[in-house]
Amino acid sequence: MSTHAKRHLVLVGMMGSGKSTVAAIVGERLGMPTIDLDEVVEAEAGTSIAALFAGPGEERFRDLEADMLVSVLADPTPTIVATGGGAVLRPDNRTSMACAATVVWLRASPETLHARIGDDPGRPLLADDPLGSLRSLHEQRGVAYRDAADLVIDVDGIGVDDVAAAVVAQVAP
Ligand code: S3P
């Protein structure tokens, strides 16, 4: 990938869609560094995302997420960025991504997401009813993912290696 304006590759999609794992594989195949935005936020905050939601709250987390997204995308080095599932929600975030990156949506059904995530208690937005919450979030966020994405890859029933190969096939020069 060259150093043109859309120099980065950003993966978006719901939690459990495989963004971090796929980003790592794609980064290795394309010889590009990989960044996980959730990890950058946690490092900046000095605490976990679960603790951020439980303490300062989701808005504080979203502010940090937006700030860290801008900072990651400002790097001149072409990078693969795995975002958190809600990073597309703020229009300013979608604009930042569109300016600096090719954005790929890893689209998965709520059932696929639930099968992968299970009932992980560390997911603040899934609360007591993970499958029901995933269905609502999937419904609410579809427009934002569609708006953000340059490319869509359906990942239901497809392993991470094959998803990564599909990403590489679509973005490699
Ligand atoms: C979130 C997804 C999480 C994390 C936070 C909020 C969301 O990231 O950013 O819990 O709003 O969907 P992953 O998609 O990497 O799990």
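The values are calculated or read from the model by the stated rules, or taken from the named source; none is laboratory data. Owing to the predicted nature of the structure, the values given are computational and were not obtained by experimental measurement. Here the Cβ positions follow ideal geometry from the backbone for every residue, glycine too, while neighbour counts run over all protein chains shown. Remember, those area values only see protein heavy atoms, side chains included, never the ligands or the DNA or RNA. Shrake-Rupley method; radii C 1.70, N 1.55, O 1.52, S 1.80 Å.
Data for the structure
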{"item": "Filter pass, ALA23 being within 14 Å of the chain's Cα centre (by Cα), small (Gly, Ala, Ser), modelled with pLDDT of 95 or more and away from the ligand (no atom under 16 Å from the Cβ)", "result": "no"}
{"item": "Filtered residue count, region 78-87, keeping only those that are in a loop (DSSP other than H, G, I, E, B) and away from the ligand (no atom under 12 Å from the Cβ)", "result": "2"}
{"item": "Residues of region 72-100 classified as surrounded by fewer than 16 Cβ atoms within 10 Å (Cβ to Cβ) and farther than 23 Å from SER136 by Cβ, total", "result": "7"}
{"item": "Close pairs (9 angstrom Cβ cut-off, 6 or more residues apart or separate chains): in contact (Cβ under 8 Å) with a residue 12 or more places away in the chain and in a loop (DSSP other than H, G, I, E, B) in region 38-54, open to solvent by less than 40 Å² (accessible area, probe 1.4 Å) and near the ligand (Cβ under 8 Å from one of its atoms) anywhere", "result": "none"}
{"item": "Tally of residues being open to solvent by 10 Å² or more (accessible area, probe 1.4 Å), within 12 Å of VAL163 (Cα to Cα) and in contact with a Gly (Cβ under 8 Å, 6 or more places away or on another chain) across region 8-24", "result": "1"}
{"item": "Yes/no for ARG62 being within 14 Å of the chain's Cα centre (by Cα), among the basic types (Lys, Arg), away from the ligand (no atom under 15 Å from the Cβ) and surrounded by fewer than 19 Cβ atoms within 10 Å (Cβ to Cβ)", "result": "no"}
{"item": "Residue that is modelled with pLDDT under 95 and open to solvent by less than 10 Å² (accessible area, probe 1.4 Å), where the choices are LEU131, LEU113, LEU126, LEU69", "result": "LEU126"}
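Here is a yes/no grid of residues against (1) more than 20 Å from ALA144 (Cα to Cα); (2) within 14 Å of the ligand (Cβ to nearest atom); (3) touching a Ser or Thr at 6+ places or on another chain (Cβ under 6 Å); (4) touching a residue at least 60 places away in the same chain (Cβ under 8 Å):
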site	(1), (2), (3), (4)
MET15	no, yes, no, yes
LYS19	no, yes, no, yes
PRO56	yes, yes, no, no
PRO76	yes, no, no, yes
LEU89	no, yes, no, no
